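K.L.:
Mind looking over this structure? Questions follow.
All of the numbers you see were taken from the coordinates with simple rules; none came from a lab. These numbers were taken from a predicted model, which means no experiment stands behind them. Methodologically, a virtual Cβ is constructed for each residue, glycine included, from the backbone with ideal geometry; neighbour enumeration extends over all protein chains shown.
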Amino acid sequence: MKTLLVTGGCGFIGSAVVRQIISRTPYSVVNVDKMTYAATAESVASVASDPRYRFEAVDICDAAEMARIFAAYRPAGVIHLAAETHVDRSIDGPAAFIQTNIVGTYRLLDAAFAYWNALRGEPRDEFLLLHVSTDEVFGSLGAEGHFRPDSPYRPNSPYSASKASADHLVRAWGKTYGLPVAVSNCSNNYGPFQFPEKLIPLVIANALSGKSIPVYGRGENVRDWLFVEDHAHALLTILERGVRGETYLIGGNCERSNIDLVRTVCRLLDEMVETRTPRESLITYVTDRPGHDARYAIDSTETRQSLGWEPLETLDTGLRKTVAWYLANQEWWRGILAETYDGHRLGVAR
């Protein structure tokens, strides 16, 4: 039985990938996660007892431990998701983003190359390291146009700059050393188990608690939204069918301004949970994020055509599923808000 190595497998996107590996494929999976504030064991609890699942509480920056993991489990492929991800936190404290996203990616590449270089035959030919990145590395779009695989890199936040650096390292290891790699850049993800510092779960949490719902600036910034399960399916498709050295853009084709998205979530909550006052009344406009990108939009045509992948959820169906999940799992996110993150504003310019 072949084994896949997933870094950051207790995070939001990583856990969706881990769950799908166990539920949809014949592979076993090794989940490597150092369990930062945004990682939760609950996100993989549904598969944790499966004999094909293994967990390693390891920091990808630990070179010796990463070498041990490759030697012990001999993976057929790697999906690299371990990263610091929240733009606002990167504004407050960029050092952690440099360490994990850049240094950690280097350590992973170093260990992966040493392992792959010693392989022979079919395992060597089939190995692939898939680095999962973001559309934010391309910067900000105007009212028209879409990001494409050949779009120039113009990161505007410490977070996106650290992910851009990691993208370049991965490509360099592919070109210079011949390591079989691919890179994917995705649009904004949403869905179950997303840490409540991010927009959609924060809106849900504040609306249900009767707290103000902060919207940056005038809420006119536009994002392309991708349901996390659709993203996980795309990543597994790339690992199985992807071409070495390629870049794959993964988007949901679901553009929406932040204010329209927030209003949609409020209306869904009003529909699902009785309220005397429409929850849109809780919306409060706050000082914009420093360097806030105006618009992201992905052209995923090449990915869809080359891999035969299509997202199953529209924004309307995906949001309805997401709101329903947060309503059914209030103990999970209320525990986080009580013990780990209280919902306060992050990313205020120094």
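K.L.:
Suppose we filter 337, 346, 282 for residues that are of a type in the set (A, V, I, L, M, F, W, C) and either within 20 Å of residue 189 (Cβ to Cβ) or without any contact (Cβ under 8 Å) to a residue 40 or more places away in the chain (or both); which single one remains?
P.N.:
Being of a type in the set (A, V, I, L, M, F, W, C) and either within 20 Å of residue 189 (Cβ to Cβ) or without any contact (Cβ under 8 Å) to a residue 40 or more places away in the chain (or both) holds for just one of 337, 346, 282, which is 346.
K.L.:
Please count how many residues of region 195-230 are outside any loop (DSSP other than H, G, I, E, B) and in contact (Cβ under 8 Å) with a residue 40 or more places away in the chain.
P.N.:
Looking only at that region, the number is 23.
K.L.:
Let me ask you something else. In a helix (DSSP H, G or I), in contact with a strand residue (DSSP E or B) (Cβ under 8 Å, 6 or more places away or on another chain) and surrounded by 19 or more Cβ atoms within 10 Å (Cβ to Cβ): does that describe residue 173?
P.N.:
Judged against the criteria, residue 173 is a match.
K.L.:
So, one more: Considering only residues of region 44-58 that are farther than 17 Å from residue 5 by Cα and out of contact with any Lys or Arg (no Cβ under 8 Å at 6 or more places or on another chain), which is surrounded by the most Cβ atoms within 10 Å (Cβ to Cβ)?
P.N.:
Result: 45.
K.L.:
Within region 101-156, track down each residue that is assigned to a loop (DSSP other than H, G, I, E, B), in contact (Cβ under 8 Å) with a residue 12 or more places away in the chain and farther than 24 Å from residue 253 by Cβ.
P.N.:
Matches in region 101-156: 127 only.
K.L.:
Only one of 96, 71 is more than 19 Å from the chain's Cα centre (by Cα) and not in a loop (DSSP other than H, G, I, E, B). Can you tell me which?
P.N.:
Just a single option satisfies the conditions, and that option is 71.
K.L.:
Let me ask another. Among the residues in region 190-208, are any in contact with a Pro (Cβ under 6 Å, 6 or more places away or on another chain), farther than 26 Å from residue 2 by Cβ and aliphatic (A, V, I, L, M)?
P.N.:
yes
K.L.:
Next up: What number of residues in region 59-102 are touching a Pro at 6+ places or on another chain (Cβ under 7 Å) and surrounded by fewer than 18 Cβ atoms within 10 Å (Cβ to Cβ)?
P.N.:
Within region 59-102, residues that are touching a Pro at 6+ places or on another chain (Cβ under 7 Å) and surrounded by fewer than 18 Cβ atoms within 10 Å (Cβ to Cβ) number 1.
Residues are listed down the side, and each one gets a yes or a no for (1) of a type in the set (Ser, Thr, Tyr); (2) farther than 17 Å from residue 86 by Cβ:
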{"position": "173", "(1), (2)": "no, yes"}
{"position": "177", "(1), (2)": "yes, yes"}
{"position": "194", "(1), (2)": "no, no"}
{"position": "228", "(1), (2)": "no, no"}
{"position": "232", "(1), (2)": "no, yes"}
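K.L.:
So for region 231-245 (the condition being within 30 Å of residue 75 (Cα to Cα), in a strand (DSSP E or B) and touching a residue at least 12 places away in the same chain (Cβ under 8 Å)), does at least one residue qualify?
P.N.:
No.
K.L.:
While we're here: Quick check on residue 285: is it out of contact with any helix residue (DSSP H, G or I) (no Cβ under 6 Å at 6 or more places or on another chain), over 18 Å from residue 215 (Cα atoms) and outside any helix (DSSP H, G or I)?
P.N.:
No; evaluated as a whole, the condition is false for this residue.
K.L.:
With the requirement that a residue be crowded, with 16+ Cβ neighbours inside 10 Å and either more than 21 Å from the chain's Cα centre (by Cα) or part of a loop (DSSP other than H, G, I, E, B) (or both), what does region 296-342 give you?
P.N.:
Answer for region 296-342, where residues must be crowded, with 16+ Cβ neighbours inside 10 Å and either more than 21 Å from the chain's Cα centre (by Cα) or part of a loop (DSSP other than H, G, I, E, B) (or both): 296, 297, 299, 300, 309, 311, 313, 341.
K.L.:
Collect the residues in region 170-194 that are in contact (Cβ under 8 Å) with a residue 60 or more places away in the chain and of a type in the set (S, T, N, Q), keeping them in residue-number order.
P.N.:
Across region 170-194, the qualifying residues are 184, 185, 187, 188, 189, 194.
K.L.:
Going through 289, 279 one at a time, which residue ends up being buried (at least 17 other Cβ atoms within 10 Å of the Cβ), in contact with a Cys (Cβ under 9 Å, 6 or more places away or on another chain) and under 19 Å from residue 196 (Cα atoms)?
P.N.:
Being buried (at least 17 other Cβ atoms within 10 Å of the Cβ), in contact with a Cys (Cβ under 9 Å, 6 or more places away or on another chain) and under 19 Å from residue 196 (Cα atoms) holds for just one of 289, 279, which is 279.
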